[in-house]
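The values are calculated or read from the model by the stated rules, or taken from the named source; none is laboratory data. Treat the numbers as computed from the prediction; the structure is a model and nothing was measured. Backbone-built Cβ (ideal geometry, glycine too); neighbour counts: all protein chains shown.
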Amino acid sequence: MSNSFRISIGLSLLMLFAKPCLGASIESLFHEGVSAYGAADYERAADAFGRAAAIQPASGTLQNLGNAEWQQGQTGPAIVAWEQALWLDPFNQSARNNLRFARKVAQLESPDLAWYEVVSTWLPANWWAWIAGLSLWLAVAMTLLPSIFRRRKTAWQQAVAAMALMVFLLSLPAHAGVYTRSHIGFIVEKDTPLRLTPTADSQNLTRLAAGTPARWERLRGRFLLIQTPEGLRGWVEKSCLSAMGD
């Protein structure tokens, strides 16, 4: 087994104790996945890690899911799992290395990100909302509390308020980037037809490889209008695209 696809144990086990009522179920699924992966039963490993991630998403569990899917030749689901692992934990270097390797092997492009979307990848997606909210409230508190308690505003309070306001303003582009990145998805089925119109009998513009990134624009029935980094635009069935915001 390549070092690039070693299963991750530490991060996932750490999450087992976050919710005691679910811990036993997640722990048993996780150990089932580890055991199956070690026995080269990758289908059973993917099933166990997938069920564990559905109960309680964790970066390490999703990384392992991606590894098991890749070992089965499931490029699309593997890339989705690793991308979701990085969505939760951008510091998961193993998942990042796996993505780089898989895209090189499959000759796939990375998602085309705007600058504010790149900034949003620096921290876990849900952190930006917390940073924006806490910094705003801190700025408001440092501005209003001295007046409420009828005390003179000191220099340090003014400095803290200014710093908190600056952090709030700087976090807004990243917060917007999280939202727009949630509209990026990845093709999960091999040779997925890209259709001219949102109908089953529509003309096929081309076929997309599993793992191809695409930004979805709108939903019509069971079809999504998407655009790939190469500029191809058309409709795919919703079940063929797994979006980060799902």
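List of remarks:
- Failed item in (1) hydrophobic (A, V, I, L, M, F, W, C); (2) in contact with a Ser or Thr (Cβ under 6 Å, 6 or more places away or on another chain); (3) modelled with pLDDT of 95 or more, with L62 passing the rest: (2)
- Single residue of the range 43-61 satisfying the filter (surrounded by fewer than 19 Cβ atoms within 10 Å (Cβ to Cβ) and not basic (K, R)) that is nearest to A85 (Cα to Cα): P57
- Residue check, S239 hydroxyl-bearing (S, T, Y), more than 18 Å from D112 (Cβ to Cβ) and either in a loop (DSSP other than H, G, I, E, B) or in contact with a Pro (Cβ under 8 Å, 6 or more places away or on another chain) (or both): no
- Of all the residues in the range 121-159, those that are on the phi < 0 side of the Ramachandran plot and not in a helix (DSSP H, G or I) number 11.
- First in the range 97-118 and under 15 Å from A214 (Cα atoms), second anywhere and part of a loop (DSSP other than H, G, I, E, B), Cβ under 6 Å, 6 or more apart: L108/G211; E109/P229; D112/P229
- Among the residues making up the range 207-225, those that are part of a strand (DSSP E or B) and over 22 Å from G73 (Cα atoms) are R215, W216, E217, R218, L219, R220, F223, L224, L225.
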